[in-house]
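Student: Pasting a structure here, questions to come.
A short reminder: the numbers here are calculations on the coordinates, not readings from a lab. Source: prediction; values computed, not measured. Cβ placement follows ideal geometry from the backbone for every residue including glycine, while neighbour counts extend to all protein chains displayed.
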Amino acid sequence: MQPWWKETTIYHIYPRSFLDTNGDGIGDLPGITQKLPYLRDLGIGAIWMGPVFRSPQVDNGYDISDYRDIDPLFGTPADMDALITTAHANGIRVLLDLVFNHTSDRHSWFTASRSDPGGEFGDYYIWRDAGTNGEPPNNWRSFFSTGAWTWSPERNQYYLHLFTPEQPDLNWEHEPVRRALSDTANFWLDRGVDGFRMDVINMISKRPGLPSLPGGVNTVTEHPWRGVYIDGPRVLEYLQEFRSRLHRADEIVLVGETPNVTPETARSYTDARNRALDMVLLFDHVALDHGVGGRWDPRPWQPREMREVIGRWQGALEEPSWPSLYLSNHDQPRVVSRYGDDGRYRYESATALMTAFFLQRGTPIIYQGDEIAMANFPMETAEDIVDIESGNAYRDLVAQGIDEGEAFRRIAGVARDNSRTPMQWTDGENAGFSPSGATPWYPVNPDHDEWNVAAQAAGDGTSVLRYVRELIALRHSNDELLCGGFDAIAVDRDSPVVAYRRSLESGESTVVVANLSAEPCPWTPGAYASDGEQPKCLFGNYVDHREAHHDLRPWECRVYQG
Ligand code: TEU
Ligand code: CA
């Protein structure tokens, strides 16, 4: 028997944009509760919700001022209890998002730490004196285009923040901090939740002495922060201690968000014998389109690179590790616009990408809206950039002397705003996200008239939604796909095809093949059947896939009996 989280499909909810029931334009907990039957019918076994705790919302809830309270924007603690109970009644487990690398600067721990260095909370954050000329203690930059240190006149010291100044980093070196955080997790476990996604969890340990990063290096290719504040020296130790303190530690699931993680560190965090995390969220496959200047310098990507990344990470996270599988989230653009084709082949490319990804060894995490192939928002001007990361990046590019139009173009395709637009439930007003007359916090994508849940659920032709339901059912009913090993099937170097075999020790196997391009390309099914015969095609995204013995058509994917 495998643990439950290996045999489930997780659905990632961005609460602010899922369903607004009270008409304030912001998605809420009752909205999530209302849609649980929809998720159950899709085959979802667990939801992960972005942070809904009390927060000034500087970074949409990733700046938490009270971990034990629900932000009134989203509802009440009673709404959360109702959500958990209803989810369980529908066979759906609930994962919350723990943001434990930092708090909000309005958290009582921080205000106490700032005003009373000698008091109980004095060491809860990373405080340092200024240099002799008043300069910050080192040259670290935050991930959001600012310096990583902010001066506090009140305490006469700088504090560290790897994200916005309103998100001061907690000092995990200080044991009471670690205790307070595991107590917080237990508070929610005792309320019935089944696990957590842990935000930027490989940033919790900073190298002692907080050394400056070497100057003049290409930060995109050289990652000078590795071992300094990413994958620092004590991450594994902290995670092991954290897990050992949890109630029901063996029943729940811990998914770590780990930017810039390496195969080695990912393996150590997820090695079952280490009893730290169960899965980590990987990043190489969402960086294929990063150019020499990084995320804000996009370049075309090659299917070959996707194939290499898949092979590398499936190899790195073999037993006793287990991968997570995701294609997009609230920090990334929409996958169909980014790696697929949101024009002519929108259905085909969305389904091919999901098939190639979600049938690998690991647990699929589907981001809300991907099940109907939601696309990037058609931004027109810099005014459409609302997110703090994208907005800062835009200003930064312009300050570097890049022309405003060019800066906007670079940001628009990759901005986090793209994936944060309201969920498209219907073709009606506000896409059914907010009640009629309300104004959603971010405009709905105008393509909701065609691309929405109601349209894709109705009728019996092809739809991305119906395909995803069948894809999940296929995975859940096929032992090779659930627990088999992964072996890449070799293809020509420049082929756009991703192909692999999932096999059990008993010899049974299932073959997955996907053409990640609009070009037809050669494929000989018989060559991959164990007995050389024409293998049985079980599944595919073209209606006649069962009779298909010919080449792969644009964005075609198929699943064969081994
Ligand atoms: O994101 C972590 C992270 O590294 C982000 O910088 C993300 O990769 C980036 O947007 C891509 O350029 C997590 C959360 O998912 C994100 O929403 C938060 O803003 C961030 O942590 C801070 O808590
Ligand atoms: Ca609301």
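Student: Write down, largest first, the equivalent ellipsoid semi-axes of the chain in whole Å, where each equals the square root of 5 times an eigenvalue of the alpha-carbon gyration tensor.
Tutor: The three semi-axes for the chain are 38, 26, 25 Å.
Student: Using the Kirkwood radius over C-alpha pairs as Rh, can you work out the diffusion coefficient of the range 55-171 via Stokes-Einstein at 20 °C, viscosity 1.002 mPa s, in µm² per second?
Tutor: 136
Student: Moving to a separate point now. Label-point separation (nm) for N22 and T86, each offset 7 Å from Cα along Cα-to-Cβ?
Tutor: With each label point 7 Å from Cα toward Cβ, the separation is 1.4 nm.
Student: With n ≥ 4 as the cut-off for DSSP H runs, can you work out [θ] at 222 nm for the chain, using -39500 (n - 2.57) per run divided by the number of residues, rounded to the nearest 500?
Tutor: Mean residue ellipticity, 222 nm, calculated: -7500 deg cm²/dmol.
Student: For the chain, take the longest principal axis of its alpha carbons; what is the angle in degrees between that and the long axis of helix 464-476, to the nearest 10 within 0 to 90?
Tutor: The answer is roughly 90 degrees.
Student: With contacts defined as alpha carbon pairs under 8 Å and 6 or more residues apart, what's the relative contact order of the range 65-200 in percent?
Tutor: Relative contact order, the range 65-200: 30 percent.
Student: If you don't mind, there's one more thing I want to ask. Could you work out the per residue convex hull volume over the alpha carbons of the range 87-137, in cubic angstrom?
Tutor: 117
Student: Taking every pair of distinct Cα atoms and averaging 1/r, then inverting, what Kirkwood hydrodynamic radius in Å comes out for the range 479-562?
Tutor: 12.9
Student: Now for a separate question. From Cα coordinates alone, what are the radius of gyration and Dmax values for the range 1-107 in angstrom?
Tutor: For the range 1-107, the Cα radius of gyration and maximum Cα-Cα distance read 14.0, 45 Å.
Student: Contour minus end-to-end for R191 and N156, with contour as 0.36 nm per residue of separation and end-to-end as the Cα-Cα distance?
Tutor: Extra length available between R191 and N156 comes to 8.6 nm.
Student: Kirkwood Rh, Cα Rg: Rg to Rh for the range 420-562?
Tutor: With Rg and the Kirkwood Rh in hand, the quotient comes to 1.10.
Student: Scale the Cα Rg of the range 122-266 by the rule-of-thumb value 2.2 N^0.38 Å and send over the ratio, two decimals.
Tutor: Scaled against compact globular proteins, the figure is 1.13.
Student: Continuing with this model, one more query. Normalising by the residue count of the range 301-452, find the relative contact order in percent from Cα pairs under 8 Å and 6+ residues apart.
Tutor: Contact order relative to length: 22 percent.
Student: In addition: Using the Kirkwood radius built from alpha carbon pairs, what does the Stokes-Einstein equation give as D for the range 372-486 at 25 °C and 0.890 mPa s, in µm² per second?
Tutor: 146
Student: For the chain, what does the relative contact order come out to in percent, with C-alpha contacts under 8 Å and a separation of six or more?
Tutor: 13
Student: Quick one, can you get me the convex hull of the C-alpha atoms of the range 250-301 expressed as volume per residue in Å³?
Tutor: Roughly 79 Å³ of hull volume per residue.
Student: Highest mean first, how do 517-524, 21-28 rank when packing is the count of other Cβ atoms within 10 Å averaged over residues?
Tutor: Output ranking for 517-524, 21-28: 21-28, 517-524.
Student: Tell me the Kirkwood hydrodynamic radius of the range 417-467 in angstroms, computed as one over the mean inverse distance between distinct C-alpha pairs.
Tutor: So the Kirkwood estimate lands at 11.4 Å.
Student: Report, largest value first, the span of the C-alpha coordinates of the range 222-340 along each principal axis, in whole Å.
Tutor: Principal extents (largest minus smallest coordinate, Cα): 45, 28, 26 Å.
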